[in-house]
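Below is one structure, written out as structure tokens; the observations come after it.
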């Protein structure tokens, strides 16, 4: 059967002939897992994104809970973060794995759905620190964040905040890794990647070639699933959204201090920023539903809107009561509009009072959501 195996050749012009390396199956799935943990660049970041994705290894066999108080029902093979703080779930499978492709995909979706719902930044940072066996965690993170190329990179706090925002907004990447991606799995990966906007679904083949009678081997990664349609769908989604710097560039001078202070305060409240095409929303996790609830909208140059949607609180009475209180605490700067919204145009006279009222209101919403869990 060896004649049917794929082959590659090494050429050393200082020596006669070619050196033959024959494709060889991994003896154990654990070998492939170990290579990925030791050599993250086996995930072909240059094929996955532009600029090329770089990888920070977080943990191997990371527990995934299925409830808020669960210690971990499943174990994810690997968790990586890229330089934009996007959580990247990786599952390794040998092509000889007898389980159905649908079962493999369903397993990954279980991990993703529950990971984004129940993992916390504290959980991820502790896993990262526990896995830093060769360097101190701050040194390893600093090395990852600062590439020495003269560009500006986020601070560690800014990076972990990005990770938090990506988790809450469900911006994640799922990668199936195998020595050979079967056609059935390839079709499932391509379909999911073309249909899901916030989630990248990819597969990577890492073929192993070995020289007969030698420990020398070559590992060749190749990306599967990044179809032209999938790239265009995700590119259109990214192009229509402004980033935070773009938002801040559009706000008025009077409103800018308000938003600087607001963004700085949101992490302590467990709130995240969801960027849109014209502005942004402030959102908080509803633990009962496993979904994000909107608590405010912000639009350049100076409009701030307090609003709690029905994903947050099902009780119209409670939503109305919360709105009345934030209006009162703003000293009337926030004005009632619609059924459950209050808004204002920020200026140097009202921004401090509106900020305090808004942050207090967000805390009340957070407490109300916690009671629903």
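Checked across the stretch 223-231, the condition of being surrounded by fewer than 18 Cβ atoms within 10 Å (Cβ to Cβ), in contact with a strand residue (DSSP E or B) (Cβ under 8 Å, 6 or more places away or on another chain), modelled with pLDDT of 85 or more and assigned by TED's automatic domain parsing to the domain that holds residue 41 holds for at least one residue. Candidates in the stretch 25-34 are the residues that are under 22 Å from residue 214 (Cβ atoms) and surrounded by 18 or more Cβ atoms within 10 Å (Cβ to Cβ); of these, the one that is modelled with the highest pLDDT is 32. Could you check, for the stretch 102-119, whether at least one of its residues is surrounded by fewer than 14 Cβ atoms within 10 Å (Cβ to Cβ) and either assigned to a strand (DSSP E or B) or outside the structural domain of residue 165 (by TED's automatic domain parsing) (or both)? Scanning the stretch 102-119, I find no residue that is surrounded by fewer than 14 Cβ atoms within 10 Å (Cβ to Cβ) and either assigned to a strand (DSSP E or B) or outside the structural domain of residue 165 (by TED's automatic domain parsing) (or both), so the answer is no.
The set of residues in the stretch 257-283 that are farther than 17 Å from residue 158 by Cα, surrounded by fewer than 17 Cβ atoms within 10 Å (Cβ to Cβ) and without any contact (Cβ under 8 Å) to a residue 40 or more places away in the chain comprises 276, 277, 278.
Of the numbered criteria (1) touching a helix residue (DSSP H, G or I) at 6+ places or on another chain (Cβ under 8 Å); (2) surrounded by 15 or more Cβ atoms within 10 Å (Cβ to Cβ); (3) over 20 Å from residue 244 (Cβ atoms); (4) touching a residue at least 40 places away in the same chain (Cβ under 8 Å), the one residue 343 fails is (1).
Contact map, the stretch 312-327: first residue over 20 Å from residue 271 (Cα atoms) and in the same structural domain as residue 288 (by TED's automatic domain parsing), second residue buried (at least 21 other Cβ atoms within 10 Å of the Cβ) and at pLDDT 85 or above, Cβ cut-off under 6 Å, separation 6 or more or different chains; pairs are 327/334; 327/342. The set of residues from the stretch 89-136 being touching a residue at least 40 places away in the same chain (Cβ under 8 Å), over 30 Å from residue 183 (Cα atoms) and more than 15 Å from the chain's Cα centre (by Cα) comprises 127, 128, 130, 131. Kindly indicate whether residue 296 is touching a helix residue (DSSP H, G or I) at 6+ places or on another chain (Cβ under 9 Å) and not in a helix (DSSP H, G or I). Spelling it out, residue 296 is indeed touching a helix residue (DSSP H, G or I) at 6+ places or on another chain (Cβ under 9 Å) and not in a helix (DSSP H, G or I). Of the residues in the stretch 306-327, at least one is touching a strand residue (DSSP E or B) at 6+ places or on another chain (Cβ under 7 Å) and either under 18 Å from residue 254 (Cβ atoms) or assigned to a strand (DSSP E or B) (or both). With respect to the conditions (1) touching a strand residue (DSSP E or B) at 6+ places or on another chain (Cβ under 8 Å); (2) surrounded by 13 or more Cβ atoms within 10 Å (Cβ to Cβ), residue 196 falls short on a single one, namely (1).
Count of the stretch 299-328 residues, restricted to those that are surrounded by 18 or more Cβ atoms within 10 Å (Cβ to Cβ), in contact with a helix residue (DSSP H, G or I) (Cβ under 7 Å, 6 or more places away or on another chain) and within 16 Å of residue 346 (Cβ to Cβ), is 4.
The values are calculated or read from the model by the stated rules, or taken from the named source; none is laboratory data. As the structure is a prediction and not an experimental result, all values here were calculated from the model. Every residue, glycine among them, receives a Cβ derived from its backbone with ideal geometry; neighbour counts consider all protein chains shown.
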